[in-house]
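Undergrad: Below is one structure. I have some questions about it.
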Amino acid sequence: MKMGKKLLAVLLAATCISGVAGCKQTAGKPEITWCLPGSMTQIKEDNQQRVEDAANKIITEAGIEATLKLKMIDNASFTEKMRLMSSSGENYDLALTSSWLNPIDDNVNRGGFMELNELIDKYGSAIKEKVDERAWEAAEYNGKIMAIPSQNAYATTKSYVFKKDLVDKYNIDYKNIHTLEELESFLKVVKENEPGITPAFASQNRDIPGSENPDLTPVCSGLGWDEVNQKLVYKYEDPVTLEKYRKVNEYYKKGYIAKDAAIKSDYMSEVKTGKYGVISNPGIYTEDGSKSTNAYGYDCVESYISTTYMTTSSFQSTMTAVNSGSKNPELAMQILNLVWENPKLSNLLAYGIEGENYTVVDNSNPDMPEVSVKSGSEQTWGISHNYIGPLFDQWGSEWNSREAIENIMKTNHDAKTSGLYGFRLDKEPIKTKLVQISSIITEVNQVFYTGSMSNFDEYVNEVNQRLKAAGIEDVYKEVQSQIDAWKTK
């Protein structure tokens, strides 16, 4: 028996010698699982393994006694699969959460996430240094921090994106176009002189830029917070909103918007055709139009319209939480802190492997190189930097130039915070009515966005009657009651 044990020990030792790299990497090191959404048609398993191996080399060099395993889940099923993992007790350590994906409210209410105050204080020095101080309130529940807010565009800039060739051809002073009224001169020129171009793009899920009231912050379906007068209002009874939608209706009747705009659903495919004179930006305004040019595939220029208010929801747009059932929360926080501390690691996780997933095009600043990322069928790896956390450490690329990142930072600095920041609506008492109201609004938005109603006043009246029948007045009372209670605190 003794001889058998000695022989077994010798064999095990020999196995480790023959595969020494593997033994060194895993021996005594817990595996930290990080759940993230990703496009499974693009992310390749062998590519993921190389990304993880490279990441774990950096983690080991930092002296952290753990390895990272990424669990990539398809975007469409991420929320449901995370809910099933949580309810079944399946082990994981870190996960993306937000106001819209794997919702933080739901997870906190059912005890799915761990309180992070002590972990951040002990292991999160880089996180504390880089997270926007204003964002922490959105992560706090009864004084306990339940997630790490990512760096993000907390305030969204609206802009008109013009086809540069049209601006140049007709000598358009686009920099002084900031409203729907000022836009008409451009639309008129395109309508009269460019038969192959639709003057303005709108669709069932994209409105013409400038057609929303910038001082009306959404609260729930059909209701908004009037930031000027600091009160709760019905969206389709708000005078500013109605005035803007009326102008869109006027433009539709003048032929500035496609007659079939309300049935168009694939926004990106449509705008990439280059058959529209003015469109909305792809999420971020850039003064030189570089973000739109990269996104749409032709030269664009932009003019600023407005900036949204920063809200609880916008600060919760992407966050990272620790599973309440994590067996190694201290190591999970150490790895997450290293991601925030080390741009090489965060960009590796986002972009993948140099030479395989991206190439360096400008290395004049080795700490912040410019890279070119593979796309389309050639792309086998890619995770949004804000899903990981430190967006502002992103190397410049087709995804975001450094100028675009700087613009996001400036917008965040200058943007106003909503009068309802910190307020969280408990939808449970009104969830049934909200489902009915949301269904109506999804239907009518495609008409308001495109202006494709025959009689504007009659349509607005009909919509408000339908919303009242669906219980929006009861929803208003409940939301107002919650706001009043929140304010007293």
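The values are calculated or read from the model by the stated rules, or taken from the named source; none is laboratory data. It should be emphasised that the depicted structure is a prediction, and the values quoted were computed from it without experimental measurement. Here the Cβ is made from the backbone with ideal geometry for all residues, glycine too, and neighbour counts use every protein chain on show. To get the accessible areas, we keep the full protein, side chains included, count just its heavy atoms, and leave off ligands, DNA and RNA. Shrake-Rupley method; radii C 1.70, N 1.55, O 1.52, S 1.80 Å.
Undergrad: Between 0 and 90 degrees, rounded to the nearest ten: what's the tilt of helix 239-253 against the longest Cα principal axis of the chain?
TA: In the chain, helix 239-253 runs at an angle near 70 degrees to the longest axis.
Undergrad: Also, I was wondering about something else. Taking every pair of alpha-carbon atoms in segment 178-303, what share in percent sits in each 10 Å bin, from 0 to the bin with the longest distance?
TA: 12, 39, 35, 13, 1
Undergrad: Restricting to segment 191-326, what percent of DSSP beta bridges are antiparallel, rounded to 5?
TA: 75
Undergrad: Using only C-alpha positions, report the orientation-averaged shadow area of the convex hull of segment 376-439, nm², one decimal.
TA: The orientation-averaged projected area of the Cα hull of segment 376-439 comes to 8.3 nm².
Undergrad: Restricting attention to the alpha-carbon atoms of the chain, what are Rg (one decimal) and Dmax (integer), both in Å?
TA: So, for the chain, Rg and Dmax equal 25.6, 96 Å respectively.
Undergrad: Moving to a separate point now. Straight distance only, please: which lysines reach the Cα of Lys344 with their own Cα at less than 26 Å, same-chain residues fewer than 8 apart left out?
TA: Once the sequence-local lysines are set aside, what remains near Lys344 is Lys24, Lys29, Lys44, Lys57, Lys69, Lys71, Lys122, Lys128, Lys130, Lys291, Lys374, Lys410.
Undergrad: Excluding same-chain residues fewer than 8 positions from Lys275, which aspartates and glutamates have a Cα within less than 18 Å of its Cα?
TA: Asp165, Asp168, Glu184, Glu192, Glu194, Asp207, Asp260, Asp266, Asp299, Glu302
Undergrad: How large a share of the accessible area of segment 105-261, in percent, is made up of carbon and sulfur atoms when the probe is 1.4 Å and the other protein chains stay in place?
TA: Ligands and nucleic acids excluded, carbon and sulfur give 45 percent.
Undergrad: Write down the Kirkwood hydrodynamic radius of segment 431-478, to one decimal in angstroms, obtained as one divided by the mean of 1/r over all alpha carbon pairs.
TA: 11.2
Undergrad: While we're here: Write out the GluC sites (Glu not before Pro) in segment 158-267 meeting two conditions: DSSP loop, and at most 12 other Cβ atoms within 10 Å of their Cβ.
TA: Of the GluC sites (Glu not before Pro), not one in the loops of segment 158-267 has a Cβ with at most 12 other Cβ atoms within 10 Å.
Undergrad: A further question follows. Round to the nearest 10 and give me the degree value, 0 to 90, for the angle of helix 329-341's Cα axis relative to the longest principal axis of the chain.
TA: Long axis of 329-341 versus the principal axis of the chain: about 60 degrees.
Undergrad: What pairs from Lys175/Lys416; Lys244/Lys272; Lys244/Lys468; Lys158/Lys244; Lys81/Lys427; Lys158/Lys264 go past 18 Å between their alpha carbons?
TA: Where the Cα-Cα span goes over 18 Å, the pairs concerned are Lys175/Lys416; Lys244/Lys272; Lys244/Lys468; Lys81/Lys427; Lys158/Lys264.
Undergrad: Calculate what fraction, in whole %, of the accessible area of segment 356-401 sits on carbon and sulfur atoms when a 1.4 Å probe is rolled over the protein chains.
TA: Here carbon and sulfur together make up 44 percent of the probe-accessible area.
Undergrad: Taking just the alpha carbons, could you work out the radius of gyration and Dmax for segment 401-489, both in angstroms?
TA: Reported Rg and Dmax, both Å: 18.3, 50.
Undergrad: Restricting to Cα pairs below 8 Å that are 6+ residues apart, what does the relative contact order work out to for the chain? Please round to a whole percent.
TA: After rounding, I find 22 percent.
Undergrad: Over segment 94-166, what lengths in whole Å, largest first, do the semi-axes of the equivalent ellipsoid take, defined as the square roots of 5 times the eigenvalues of the alpha-carbon gyration tensor?
TA: Listed largest to smallest, the semi-axes of segment 94-166 are 32, 16, 10 Å.
Undergrad: Would you mind telling me the antiparallel percentage of the DSSP bridges in the chain, rounded to 5?
TA: 65
Undergrad: Also: What accessible area per residue, rounded to a whole number of Å², is obtained for segment 194-344 using a probe radius of 1.4 Å?
TA: Accessible surface, normalised per residue, equals 38 Å².
Undergrad: Over the Cα atoms of segment 275-394, what radius of gyration and what Dmax do you get, in Å?
TA: Answer for segment 275-394, Rg first and Dmax second: 17.7, 55 Å.
Undergrad: Computed from the mean reciprocal separation of all distinct C-alpha pairs, what Kirkwood hydrodynamic radius does segment 329-466 have, in Å?
TA: 19.6
Undergrad: Provide Asp484, Asp207, Asp93 ordered by accessible surface of protein heavy atoms (probe 1.4 Å), highest first.
TA: From most accessible down to least: Asp484, Asp207, Asp93.
Undergrad: Net charge within 12 Å of Ile59 by Cβ-Cβ distance, Lys/Arg positive one each and Asp/Glu negative one each, not counting Ile59 itself?
TA: -2
Undergrad: Based on a Kirkwood Rh over C-alpha pairs, give the Stokes-Einstein translational diffusion coefficient of segment 408-452 at 37 °C and viscosity 0.692 mPa s in µm²/s.
TA: 237
Undergrad: Each residue of segment 345-355 in order: what ³J(HN,Hα) in whole Hz does its phi give by Karplus 6.51 cos²θ - 1.76 cosθ + 1.60, θ = phi - 60°, with x for Gly and Pro?
TA: Each residue of segment 345-355 in turn: 6, 5, 6, 4, 5, 7, 8, x, 9, 4, x Hz.
Undergrad: What is the helix-to-structure angle for 2-18, meaning the angle in degrees between its Cα long axis and the longest Cα principal axis of the chain, kept from 0 to 90 and rounded to the nearest 10?
TA: Roughly 50 degrees, rounded to the nearest 10.
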